[in-house]
Amino acid sequence: MKAMILAAGLGKRMRPLTDQTPKPLLKVAGRYLIEFHLERLAESGFKEVVINTHWLGEQLPEALGSGERWGLKIHYAHEPQLLETAGGIQAALPFLDQDKHNQPFLVINGDVYTELNLKAWLSNAPSLDKQNLAYLALVENPDHHIKGDFVLDAETAKLKILDGSSPSFTYSGVALFHPYFFNGLKAGPSPLAPLLKKYTQTEQILGGVISDYWLDVGTPERFDILKERLNTEVSFLTK
């Protein structure tokens, strides 16, 4: 299985921290934010990962190199024009489904931090096909997104559109996608949310709730929360 880390965002909400540094290269506990994903991918048996870049994109290969230090082979997909989430994934399909075997692939948002046991999560993931196009890791709604993104049918694991009354959950930014999910998507900028809504309405998206620590590192304030958590843990471990 191949993996993709989405790292092409402009980091507007993180300014001024991202004025001169792309968000994935912000450092916490002595490591780049994106390193935590690379480490977990390597620990879970992945060998190759593609990272899309845009804002200050030249800094990522300079900082991360070929991926050898994590036992990975990193491919970089620079976007001169920002393609948004679905457009960026669609552009990377030649790598993600290189042999045209229509195998699912993993996608992780570069601006989230999670302590998810990725290997265990993948081993329990359902099979994807033309009917079940994606499997999303969901989390309890954080304070900054209390409305949530989806309703989860506990019996079928199918995602449902928000109805205002059923318990809802938030998409964590960790998901498996089948290449068929992007069939018919034209090359160019394209957001992911409309596709997720479309296939949720046709009951073709599966989900499961994770209980592991998760944080959307989208603002300087939440970045401080992560620094406090990790620096505290590092201090504790070094005592």
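FYI, it's all coordinate maths here, none of it is from the lab. Predicted model only: the values in this text are computed from it and were never measured. Heads up, the Cβs are rebuilt from the backbone with ideal geometry, glycines too, and the neighbour counts pull from every protein chain shown.
What order, most packed first, do the peptides 118-130, 26-38 have when packing is the mean number of other Cβ atoms within 10 Å of each residue?
Values: 118-130: 14.3, 26-38: 18.2.
Descending mean neighbour count gives 26-38, 118-130.
Could you pull out every residue, at least 5 positions away or on a different chain, whose amide H is within less than 5 Å of the one on N141? Hs are placed 1.01 Å off N in the peptide plane, and Pro or chain starts have none.
So N141 has HN proximity to T170.
Please figure out what share of the DSSP beta bridges in the chain is antiparallel and state it in percent, rounded to the nearest 5. Let's see the in-between values first.
Values: 19 of 38 bridges.
Taking every DSSP beta bridge within the chain, about 50 percent pair in antiparallel fashion.
Could you give the length gained by full extension between T202 and K73, i.e. 0.36 nm per residue of separation minus their alpha carbon distance, to one decimal place?
Values: separation 129, 0.36 × 129 = 46.44 nm, distance 3.64 nm.
Roughly 42.8 nm would be gained on extension.
Need the list of lysines near K27 for cross-linking: C-alpha distance under 20 angstrom, and skip anything on the same chain fewer than eight residues off.
K12, K227
At 7 Å along Cα-to-Cβ for each site, give me the label-to-label distance between N231 and L162 in nm.
Between N231 and L162, the label points sit 3.4 nm apart.
Relative contact order for the chain using alpha-carbon pairs under 8 Å, separation at least 6, rounded to a whole percent? Intermediate results must be reported in sequence, preceding the final value.
On the way: 436 pairs, mean separation 58.1, N = 239.
Across the chain, relative contact order equals 24 percent.
How do 17-25, 181-189, 2-10 rank on mean C-beta neighbours within 10 Å, highest first?
Numbers: 17-25: 18.8, 181-189: 13.2, 2-10: 22.4.
My ranking of the peptides, most packed first, is 2-10, 17-25, 181-189.
Measuring from label point to label point, each 7 Å out along Cα→Cβ, what is the Q103 to E43 span in nm?
Distance between label points: 2.3 nm.
Within region 49-183, how many Lys pairs sit with Cα atoms under 29 Å apart, leaving out pairs fewer than 8 places apart on the same chain?
For region 49-183, the number of qualifying lysine pairs is 12.
Per residue of region 163-176, what does 6.51 cos²θ - 1.76 cosθ + 1.60 with θ = phi - 60° give for ³J(HN,Hα)? Whole Hz please, x for Gly and Pro, Karplus curve as stated.
After applying 6.51 cos²θ - 1.76 cosθ + 1.60, I find 10, x, 10, 6, x, 10, 9, 10, 5, 7, x, 10, 7, 9 Hz.
Give me log10 I(q)/I(0) at q = 0.07, 0.08 Å⁻¹ for the chain, Debye formula, one equal scatterer per alpha-carbon, no solvent.
-0.22, -0.29
Would you mind checking region 176-202 for residues with the amide N under 17 Å from a putative spin-label position 7 Å along Cα→C-beta of F95?
Those under the cut-off are 177, 179, 188.
Taking the Cα centre of region 3-238 as the origin, how large is its charge dipole in debye, to the nearest 20, when only Lys and Arg (+1) and Asp and Glu (-1) carry charge on their Cβ atoms? Write down the numbers at each step before the final one.
Numbers: 22 positive and 28 negative charges, 73 e Å.
About 340 debye.
Mind listing the long-range amide H neighbours of K73? Cut-off is under 5 Å, sequence gap 5 or more, other chains count too, H placed in the peptide plane at 1.01 Å from N.
E48, V49
For the chain, what does -39500 (n - 2.57) per DSSP helix run (n ≥ 4), summed and divided by total residues, give at 222 nm, in deg cm²/dmol to the nearest 500? Could you put the intermediate results ahead of the total?
Details: 6 runs with 64 residues, N = 239.
So the helix-based figure for the chain works out to -8000 deg cm²/dmol.
At R0 = 22 Å, how high is the FRET efficiency between D19 and I146 if r is their beta carbon distance? Nearest 0.05 is fine. Walk me through the intermediate numbers first.
Details: r = 30 Å, r/R0 = 1.36.
Efficiency, from the Cβ-Cβ distance: 0.15.
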